[in-house]
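Contents: one structure, followed by commentary.
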Amino acid sequence: MSQQQHKFDLIIVGGGLAGASLALALAGSKFSVAMLEAVAPQASDQPSYDDRTLALAWTSCRIMQGLGIWDDLQASATAIEEIYVSELGKPAQVQLAAADLGFENFGAVIEARAIGNSLLKRLQAVDNVIRFCPAKLTAIKPDKDQVVIQCETETGNLELSASLVVAADGARSSVREMLSIPTRIYDYQQTAVIANVSPEKDHQQRAFEQFTATGPLAILPHVGGRCGMVWTVPKGEESALLELPDQQLLDLLNQRVGHKTRELLGRFSKVGRRTAYPLYLVQPQSNISQRVVLIGNAAHAIHPNSAQGFNLALRDAVALAEVLVEAETADIGSAGLLQAFDQWRKPDQQQTISYSDGLARLFANPGWLAGLLCSGGMALHQLFPPLKRRLALSAMGFRGRLPKLARGQKLSIGKPK
Ligand SMILES: Cc1cc2nc3c(=O)[nH]c(=O)nc-3n(C[C@H](O)[C@H](O)[C@H](O)COP(=O)(O)OP(=O)(O)OC[C@H]3O[C@@H](n4cnc5c(N)ncnc54)[C@H](O)[C@@H]3O)c2cc1C
């Protein structure tokens with residue numbers, strides 16, 4: 001196919017969870033939007049819409065309502081009403097109940113694939129967003145007035161241009177690499193193995209997280225009475241968990257879970273397909289560059305110990321949509337606008353990154369001081385309700401100035417062109 005040319009207001013590179021959420025937040029706005037996604041949604045190697053059971057914070061569920069997909073998602077969602085946090089072999093634990101805070105739940109657990117399906121279904125009916133898929137970004141050239149990108153599609157190469165490019169292309173962002181944005185990558189030397197497991201007793205909307213020196217083990221309530229398991233092990237040990245016969249894996253899991261999980265859920269008797277995810281902290285020096293902004297994992301890939309990666313990405317996506325639709329300038333790629341977005345989002349991003357990174361390093365540290373901080377911290381949180389409340393509200397996504405959609409308000413979408 002010969003080179004085609006297309007001009008847009010905005011191009012989103014990466015149509016995964018973060019990119020598609022941004023595209024949907026811009027639905028009906030005056031902007032013409034192109035969204036490029038390298039891997040088809042049904043493909044077995046689609047990296048965003050996979051089997052992971054994601055814990056969505058309360059504010060994220062409200063954003064999903066604002067995006068108009070909550071009704072569709074509800075059949076796949078399981079509310080989290082109680083959370084139990086403990087440390088392997090230690091008596092201290094933190095028990096959080098949403099009802100104690102005056103909420104029905106802390107949020108909900110939904111499979112990443114179900115969120116992806118709902119986002120894409122809704123996007124099909126949106127006129128101002130054109131989806132290119134499969135389409136892989138191969139080059140990007142920002143200049144004073146616009147950004148020109150090249151991409152490969154099944155039918156040939158495309159050249160597109162826009163006032164602004166949003167990189168939502170994941171932890172290994174090609175936009176970030178092509179623009180040589182310096183990025184700190186820290187290898188946690190841990191791998192998360194995920195699978196669905198079936199407990200003996202009803203999970204009653206309870207989530208469990210047990211910290212160990214080799215990484216956390218989370219058990220999340222899921223649909224059909226199942227639970228989502230996220231088991232973090234030292235790098236290299238994941239192949240044992242992936243390859244063990246089902247019954248042996250279940251025996252190991254039954255030994256490993258904390259006493260509260262055992263008491264409330266009984267024994268696990270069935271395990272589904274297992275997948276492994278190596279864990280890194282990815283932190284670019286800057287999330288903005290000339291006419292380019294990074295969001296989602298491209299801007300910050302974090303340890304899943306606090307289940308905040310997508311929640312943070314979603315707040316970024318809808319905050320960016322808010323800044324763009326409410327901009328007083330006609331140039332949505334202007335440095336001033338991108339700086340305003342960056343300054344707004346930085347405190348939430350830094351706080352979320354520091355929290356999950358701090359947890360990962362503290363529990364991995366074998367020293368007595370770290371041990372004291374872990375057990376002491378947990379006991380303190382359990383004993384002092386204000387601390388517990390702060391912890392819970394933060395996990396629910398109440399961090400700094402919230403985007404309008406997270407506050408249950410609508411964006412002031414301008415008239416389409
Ligand atoms: C084990 C595990 C458990 C987790 N649990 C939770 C949880 O409970 N709660 C939570 O909030 N978060 C959780 N997360 C984090 C969450 O999965 C991520 O934050 C989220 O997937 C980030 O979405 P994204 O769209 O930014 O990136 P990605 O999901 O990586 O999507 C990027 C997209 O860009 C596309 N792409 C890449 N390069 C190109 C290119 N050159 N051209 C075009 N397209 C391209 C890719 O195909 C992909 O679809 C977890 C993560 C892991 C690993």
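The values are calculated or read from the model by the stated rules, or taken from the named source; none is laboratory data. Small disclaimer: the values here were computed from a predicted structure and weren't measured. Heads up, the Cβs are rebuilt from the backbone with ideal geometry, glycines too, and the neighbour counts pull from every protein chain shown. The accessibility values were calculated without ligands, DNA or RNA, using every heavy atom of the protein model including side chains. Shrake-Rupley method; radii C 1.70, N 1.55, O 1.52, S 1.80 Å.
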Note the angle between two axes, namely the Cα long axis of helix 309-325 and the longest principal axis of the Cα atoms of the chain, as a number of degrees from 0 to 90, rounded to the nearest 10.
-> 30
With x for Gly and Pro, the residue-by-residue ³J(HN,Hα) of the range 60-70, computed from phi through the Karplus equation 6.51 cos²θ - 1.76 cosθ + 1.60 at θ = phi - 60° and given in whole Hz, is 5, 4, 5, 5, 4, 5, x, 7, x, 10, 5
1/(1 + (r/R0)^6) with r = Cβ-Cβ of Leu88 and Arg407, R0 = 35 Å, i.e. FRET efficiency to nearest 0.05, evaluates to 0.35
What share of the DSSP beta bridges in the chain is antiparallel, in percent to the nearest 5?
-> 70
Taking Cα atoms only, helix 112-123 is inclined relative to the longest principal axis of the chain by an angle, in degrees rounded to 10, of 30
Which residues does a label at Lys235 reach in the range 143-185, if reach means a backbone N under 12 Å from a point 7 Å past the Cα toward the Cβ?
-> 185
What list of ³J(HN,Hα) values in whole Hz, one per residue of the range 133-148 in order, does the Karplus curve 6.51 cos²θ - 1.76 cosθ + 1.60 (θ = phi - 60°) give from phi, with Gly and Pro shown as x?
-> 7, x, 8, 10, 5, 10, 7, 9, 9, x, 9, 4, 9, 7, 10, 10
Mean ellipticity per residue at 222 nm, deg cm²/dmol - from DSSP H runs of n ≥ 4 across the chain, formula -39500 (n - 2.57) | -10000 deg cm²/dmol
Under 12 Å from the Cβ of Ala321, count the other residues' Cβ atoms, weight Lys and Arg +1, Asp and Glu -1, and hand me the total.
-> 0
Starting from the residue with the highest accessible area, list Met178, Met35 in decreasing order, probe 1.4 Å.
-> Met178, Met35
What relative contact order, as a whole-number percentage, does the range 188-278 give when Cα pairs under 8 Å and 6 or more residues apart are counted?
-> 43
With a 1.4 Å probe and every protein chain left in place, tell me how much accessible area Trp58 has, in Å² to the nearest 10.
-> 60
With axes computed from alpha carbons, what is the tilt in degrees of helix 335-364 against the longest principal axis of the chain, rounded to the nearest 10 within 0 to 90?
-> 20
Grab every C-alpha pair in the range 221-324, bin the distances at 5 angstrom width from 0 up to the longest one, and report whole percents.
-> 2, 9, 15, 17, 15, 12, 10, 8, 6, 4, 1
Past 24 Å, Cα to Cα, is the threshold; run Lys141/Lys410; Lys141/Lys404; Lys90/Lys270; Lys30/Lys144; Lys144/Lys404; Lys121/Lys201 against it and keep the listed order.
-> Lys141/Lys410; Lys141/Lys404; Lys90/Lys270; Lys144/Lys404; Lys121/Lys201
Whole-number D in µm² s⁻¹ for the chain, Kirkwood Cα-pair radius fed into Stokes-Einstein, 25 °C, 0.890 mPa s = 111
Taking only Cα atoms of the range 119-223, radius of gyration then Dmax in Å | 20.9, 61
The base-10 log of I(q)/I(0) that the Debye equation returns for the range 60-141 at q = 0.13 Å⁻¹, one scatterer per C-alpha, is -0.64
For the range 16-31, take each phi angle, set θ = phi - 60°, evaluate the Karplus expression 6.51 cos²θ - 1.76 cosθ + 1.60, and give the result in whole Hz per residue in order, putting x for glycine and proline.
-> x, 4, 6, x, 5, 5, 4, 4, 5, 5, 8, 4, x, 7, 6, 8
Ignoring ligands and nucleic acids, Ile130 exposes an accessible area, probe 1.4 Å, in Å² to the nearest 10, of 80
Would you work out what percent of the accessible area of the range 188-278, with all protein chains in place, is carbon or sulfur (probe 1.4 Å)?
-> 49
Between the range 1-69 and the range 289-331, the alpha-carbon center distance in angstrom = 12
Surface/4 estimate of mean projected area, convex hull on alpha-carbon atoms of the range 188-278, nm² = 5.2
For the residue pair Asp251 and Asp202, what label-to-label distance in nm results when each label sits 7 Å from Cα along the Cα-to-beta-carbon direction?
-> 3.2
Going by accessible area, probe 1.4 Å, with all protein chains left in place, what is the ranking of Phe132, Phe208, largest first?
-> Phe132, Phe208
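Taking 0.36 nm per intervening residue step and subtracting the Cα-Cα distance, what contour gain separates Lys144 from Lys270 on full extension?
Fully extending the segment from Lys144 to Lys270 adds 39.6 nm.
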